[in-house]
Structure formats: structure tokens, C-alpha cells
1. Which numbered condition trips up Ile147, out of (1) hydrophobic (A, V, I, L, M, F, W, C); (2) at pLDDT 85 or above; (3) surrounded by 18 or more Cβ atoms within 10 Å (Cβ to Cβ)?
2. Determine, yes or no, whether Leu224 is of a type in the set (A, V, I, L, M, F, W, C) and surrounded by fewer than 24 Cβ atoms within 10 Å (Cβ to Cβ).
3. Within the range 339-369, how many residues are surrounded by fewer than 20 Cβ atoms within 10 Å (Cβ to Cβ) and within 9 Å of Ala394 (Cβ to Cβ)?
4. Which residue, of Tyr156, Tyr208, Tyr221, is touching a residue at least 40 places away in the same chain (Cβ under 8 Å), among the aromatic types (Phe, Trp, Tyr), part of a helix (DSSP H, G or I) and in the same structural domain as Ala68 (by TED's automatic domain parsing)?
5. Return the residue satisfying two criteria in turn: it lies in the range 59-104 and is surrounded by fewer than 17 Cβ atoms within 10 Å (Cβ to Cβ) and not in a helix (DSSP H, G or I), and of such residues it is modelled with the highest pLDDT.
6. Scan the range 53-99 residue by residue and report those that are of a type in the set (Val, Ile, Thr) and under 25 Å from the mean Cα position of the chain (by Cα).
7. Among Leu449, Leu421, Leu463, which is the only one that is in the same structural domain as Val300 (by TED's automatic domain parsing), farther than 30 Å from Thr180 by Cβ and either at pLDDT 70 or above or polar (S, T, N, Q) (or both)?
8. Do the conditions hold for Thr117, that is, is it more than 26 Å from Leu235 (Cβ to Cβ) and assigned by TED's automatic domain parsing to the domain that holds Tyr62?
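The values are calculated or read from the model by the stated rules, or taken from the named source; none is laboratory data. Since we're looking at a predicted model, the values are computed, not measured. Virtual Cβ from ideal backbone geometry, glycine too; neighbours counted across all protein chains shown.
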Amino acid sequence: MSCVGDKTVSTGDAKNVHLSGMSISLEASRSVATDVPNTSVAIDMKEPMVLVSERVAPDGGYGWLVSAMTFVVTFLLTGFLKSFSVWRAFVVAEFPDTTTTDAAWISGCIGTLSLMTSPLTSGLLARYGNGPVVSAGCIICALGFSISCFATSAVYLIGSLGVCVGVGSSFMITASVGCTGKFFTTRKPMAMTIALSGGCLGAIIMPYILRPLFNAAGMHYGFLALAGIFALLSLSGLIYANPESHFPLEEKEVPAEEGKDATNPAAEKTLREKVRTAVMELMALRYLRHPLFLTMAFSVFAVSMGSPHFLGQISGQAKRLGASADKISLLTLLVQLADLLARLVYGMLASKSPLRRTSEYTFVLATCALCAILAIFCNAFWQLAVLSFFGSFAAGVMNISIPLVLSYNHGAKNMSNTLNLARWFQGLSGVIYRSVGPEVPTDADVPGLLILNTVHLWFGAILGMIMCFLPKEES
């Protein structure tokens, strides 16, 4: 309290001001005017609020159709890539001088380009939206299959299938998966499970579709049939077009200052700043400044150095134990079924989980690493089968949880951009592994590869643990 002349000012919590016999209470309530001395006058000090309308995710509705369409996209693309052993046999039969390296680079180029061109996909999504990008990806894939009809060697197929299908699949997968995530909040795990389970079913079912197709029509006309399927699939872009138009409008109160954003344009920027901002926005490179995203990106990088090659290493370990070809085929089917079951179970239960998405991701990653290291010490086929089931189950949950973690950490609206940039790190790991790893591992290579796989998985799990302690960064 301070006194100045006949004026006494009290600055306590009640915010009372005494001015020559008049008391004024500065409390946040309705204003009351009075001329009576010694009467308290309450003045409303609340910040003015305004009503604004915004579109919010419906958490279902039209989004289920989008999720089902993404299932079809991943079924065809991943199923074709996972059926590599089927159509590789026809390539080798058609071109007898094909080497193992030439054949392997066809699928390797598809997978690598699909991941490495993800930042380009981010720029196209920001400029044109999901629908046109999905349609463009389908048309590019159809073009790749069409020109493969005229293939004269396996090297020709590296350019036609490897480049065209690789780039096209990047457009299709990242745009469709990102669009699916926009429609959901609490039901997002189930929606992503439906969308991404297409790849698991494709890996199981597509070999039984492609083998009779190529037997009946031959390799060249088989590619032509696939070209027609993907050309027809380009119409799916209509489903992904302008997703926000399907979002309901909701009104909410916000401070008046926030409501003035449209009437307060940003200060003019220099040409250099505009170019820099455009590149950062289109390619989503701004996330590289976020410690939380970088931690997740390097975790995905580490996992991708090991996890995708786990099936081949487990099969090699089974062969070292003397397993027959039938048992190895059964083990491969068991791994694929465990992956599919994991996605379905996680999709149903994830919304009820009390854990943070980053904690779930870290836990299943540690489980994968543990199964990989224990596989080295297996001396019976049944032991290897049990470890393969649990390791593949954990890997299936991990694959679904990656986009969910990105959505949780950076907001659902930014999932497409963050997922595209994370896929670039995943592609980089594929390039490195293919450069230094053996093309066809021998029995002697398997234990060392399993140890290397374990190191990568544990490194990814440690980064996941670190991520649990970093604050969320909504962008």
C-alpha cells in the first residue's frame, strides 16, 4: 500500500483502489456504474473473445472409405513388391543371362526410390493436395508397367519398373496414408491398421494371383495387365480429393487477437526469404530443426537398417539348423501372419492403451531386438518359430505405430509431411545397407547379420526412450 496526498492505493490481490472515499474493485466480473460514494465498482477485465468457425476431423464417417481405399493401394503395391520371388523367376526365364544382382536391383530400386523421393512428395502434396498426387502416382506406375512390356533385359526393367514404380509408389503410399490420418483422432489406430494391413495381405495373397497370371499371359502381357489395373486405380484420386470438405464445421471461442490473423498480414519478406520459406515448407525441411523429430527420424533409420532384413536372416538361421524348404516356407508364412495379426490387434486395442505412443513404439522395438539376439542361440526349429512369431508381431505393431507417433508428436495435420521426411531417412538406410551388406547372405553370414540387426534395433529403442522425455512439438 502507498499513500499520495489524500489518495490511498492498495495493490493487494483484491485489486481495490481507494480514491478520496471511493473504492473500486478491479475484479473480473460484470461492470456496474454508480455515483454513490464508498461503493465498490466491479470492472470487467476479461480478454474479449470472438467466435470462429473451423473444420475438425470427424473421427470416422467418410474417413472409413478413405481408409478402405488406402488398403487397396497398399495391397497392390506392397503385394507386388513382396511377390518379387515370383516375377523374378519369370524375368530370369525370359532373360537367361540375368545375374542375381541385376534381378535384385529391380526390387531394390523400387523400394529405395519409393522412400528417397518422399520429400518431393511432400512438396507436391503441399501444392496440389492428396487426390491429384495419388492419381499421378497410379499413372506413373501404369506407365512403368506398360513400357516393361517391351523389356529386352533385366537392366531395362531396372529403369522401367524400378524407377517408374518406385516414384509412383512414393506418391501413392505417402499421399493415401497421410490423407487417412487426417480424418481420425481417437479411432486413428484402427483406421491406420485397416489402411496398412493391405500390405500384409498383399504379401500373402498376391503371389497366388501373379503366378497364374504370368503363367497364362506371359511376363510381358502380365505387366500389361498390371498397367491396366493401376490405370483404373488412378480414379481413386477422386476419393482423396479435398478431404477438408468432408470435415464438419465447429464454432469455438478464441481471444480476439487470434481472430485478427486474417486482417493482419505478415510483413513483406525479401525474395531470398520467400524462396527459403517456400523450400522449407514444400519439402517439410523445417522439421529437421526439431530435436523430437530428429530423434524419431534417426530411430527409424536405425530400425530400417535391421528390421526389414529380419525375415531373410531368420530363414537363413533355419537353414543352418537343417530345416527343409517346406519348413522354411511355413516359417515365412508364420511371420507374415504374425505381422498381420499384430496390426489387427493393435488397431483394436491402441485407443484404450494408457501408454504414450512413443512408449509403445519403444517397447515393441526392444521386443524385436530381444528376439533377434535370442535367435542366434536357437538350436531347434520350434524355438526359432516361436521367436519369429513374437518378433514379427512386435514389428507389425511398430510399423503401425510410426505414423501414430509422428501424429502424436507433431499434430495430425502434419502427419503427411513428417511421415514423408521420416521415409527419406528410411530410404537412406536402405541405400547404405544395400551398398555394404551381402546381396545373398551365406550360412556363415547369418549370425553376424543377426548381431548387427540387434545392435541397430537396440539403438533405435534407446532413441525411442530418449524421445519419451522430450516435449511434444506441435508445428
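1. Every condition holds for Ile147 apart from (3).
2. For Leu224, the condition - of a type in the set (A, V, I, L, M, F, W, C) and surrounded by fewer than 24 Cβ atoms within 10 Å (Cβ to Cβ) - is met.
3. The number of residues fulfilling the criteria is 3.
4. Exactly one residue qualifies, and that residue is Tyr221.
5. Gly61
6. Val56, Val66, Thr70, Val72, Val73, Thr74, Thr78
7. Just one listed residue meets the conditions, Leu449.
8. Considered against the rule, which asks whether it is more than 26 Å from Leu235 (Cβ to Cβ) and assigned by TED's automatic domain parsing to the domain that holds Tyr62, Thr117 comes out as no.
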